[in-house]
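*Asks:* First the structure, then my questions, so here it is.
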Amino acid sequence: MNSNKVIIDQILKVGNEGLTILKKHKLLEVLARKLLISESLINYPFDEKIVSKLKDKIFERNGFKSDDEYKIWLAESNLSEEQFFENITLDIRLNKYVLDKFGHLTESHFLKNQDNLDKVVYSLIRTKDIYLANELYQRIKEKEDDFGNLAYKYSIGPEKNSKGIVGPVSVSSGHPLIKELIRSSTIGEIQKPRPLNNMVIIFRLESLDKATLDEKTKLALAKELFMLWATEQSKLIIDSVELK
């Protein structure tokens, strides 16, 4: 059976009054996404070995001496043991699911979004006076003064408060000219004053941390792809519910 149809049927069980309340509080999409995740993980049950280790930790943390004490504690959560462990192993099972279903798409997604993933730190001075900008550039280049001190004294942007330092931020977050300077500069190189909108900037690259597609990044990208898919599916489910 189509999983979306299963989810639609589950949502419709709340009735018209329930649907009205969910829509009013903007919870219909949240419910659809949660049911979608639950339906996606049907074939990803929790690992009994992991559950056994988690149970041991629960006994140790709470000082339980018997199963009876554990069962009383569990009853207070208003969940069965199966529901309890389904909840606390959700992230583990979801990680496995997203890697299985979306892992093969992460490399192309990584290449398309590398500017969002690369992190940069740079120093910046902004001024509206081209003559002042040229003077400050020469003073920094000739090591007559410190970039940070001059940024604090003369910059008219928010970087003034951090002595010119911007970041770490993603490369994509900057103006196209800043992105160009990041890509063309070497670490520690000060660039000549450049016009930017109605100002003049002095730029120096401090560090560039280029992202790599390691296991951590692959998992993060697989989760991002899953959430994009889940959001799209949730909207389709809500559209179908509203047509019923």
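The values are calculated or read from the model by the stated rules, or taken from the named source; none is laboratory data. Keep in mind the model is a prediction, meaning the values are calculated, not measured. Neighbour counts run over all protein chains shown; Cβ positions are idealised from the backbone, glycine included. For accessibility, only protein heavy atoms count, side chains too; no ligands or nucleic acids. Shrake-Rupley method; radii C 1.70, N 1.55, O 1.52, S 1.80 Å.
*Asks:* Would you check which residues across segment 142-157 are surrounded by 12 or more Cβ atoms within 10 Å (Cβ to Cβ) and not aliphatic (A, V, I, L, M) and list them?
*Replies:* D145, D146, F147, G148, N149, Y152, K153, Y154, S155, G157
*Asks:* Can we say E232 is under 30 Å from V6 (Cα atoms), more than 28 Å from the chain's Cα centre (by Cα) and either without any contact (Cβ under 8 Å) to a residue 40 or more places away in the chain or surrounded by fewer than 16 Cβ atoms within 10 Å (Cβ to Cβ) (or both)?
*Replies:* So E232 does not fit the description; no.
*Asks:* Say whether the condition of being open to solvent by less than 30 Å² (accessible area, probe 1.4 Å), β-branched (V, I, T) and closer than 22 Å to Q233 by Cβ is met by at least one residue in segment 92-99.
*Replies:* Looking for residues that are open to solvent by less than 30 Å² (accessible area, probe 1.4 Å), β-branched (V, I, T) and closer than 22 Å to Q233 by Cβ, one finds at least one in segment 92-99, hence yes.
*Asks:* Condition first: assigned to a strand (DSSP E or B), in contact with an Asp or Glu (Cβ under 8 Å, 6 or more places away or on another chain), at negative phi and not hydroxyl-bearing (S, T, Y). Now tell me which residues in segment 163-179 satisfy that.
*Replies:* I165, V166, P168
Results for (1) under 20 Å from L225 (Cβ atoms); (2) part of a helix (DSSP H, G or I), shown as yes or no for each residue.
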| position | (1), (2) |
| --- | --- |
| E39 | yes, yes |
| R61 | no, yes |
| L74 | no, yes |
| L79 | no, no |
| V98 | yes, yes |
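*Asks:* Okay, moving on. For segment 140-162, give me each residue that is in contact with a helix residue (DSSP H, G or I) (Cβ under 7 Å, 6 or more places away or on another chain) and in a helix (DSSP H, G or I).
*Replies:* Scanning segment 140-162 gives I140, F147, L150, A151, Y152, Y154, E159, K160.
*Asks:* Against the condition at pLDDT 95 or above, of a type in the set (A, V, I, L, M) and under 30 Å from K5 (Cβ atoms), how does L243 come out, does it pass?
*Replies:* Taking the combined requirement at face value, the residue does not satisfy it.
*Asks:* Which one of the conditions (1) of a type outside the set (A, V, I, L, M); (2) under 35 Å from the mean Cα position of the chain (by Cα); (3) open to solvent by less than 20 Å² (accessible area, probe 1.4 Å) does Y137 fail to meet, given that it meets all the rest?
*Replies:* (2)
*Asks:* Looking at (1) of a type in the set (D, E); (2) under 30 Å from K223 (Cα atoms); (3) without any contact (Cβ under 8 Å) to a residue 40 or more places away in the chain, find the lone condition where E107 falls short.
*Replies:* (3) is the only condition that E107 fails.
*Asks:* How many of the residues making up segment 181-208 are open to solvent by 90 Å² or more (accessible area, probe 1.4 Å), modelled with pLDDT under 95 and of a type outside the set (K, R)?
*Replies:* Of the residues in that region, 2 qualify.
*Asks:* Please identify the pairs in which a residue from segment 74-86 that is farther than 17 Å from K49 by Cα has its Cβ atom under 8 Å from the Cβ atom of a residue that is open to solvent by 60 Å² or more (accessible area, probe 1.4 Å), counting only partners at least 6 apart or on another chain.
*Replies:* Filtered contacts from segment 74-86: L74/E81; L79/N87.
*Asks:* Could you say whether any residue in segment 158-167 is open to solvent by less than 20 Å² (accessible area, probe 1.4 Å), farther than 23 Å from D209 by Cα, more than 26 Å from the chain's Cα centre (by Cα) and not small (G, A, S)?
*Replies:* So far as segment 158-167 goes, no, none of its residues is open to solvent by less than 20 Å² (accessible area, probe 1.4 Å), farther than 23 Å from D209 by Cα, more than 26 Å from the chain's Cα centre (by Cα) and not small (G, A, S).
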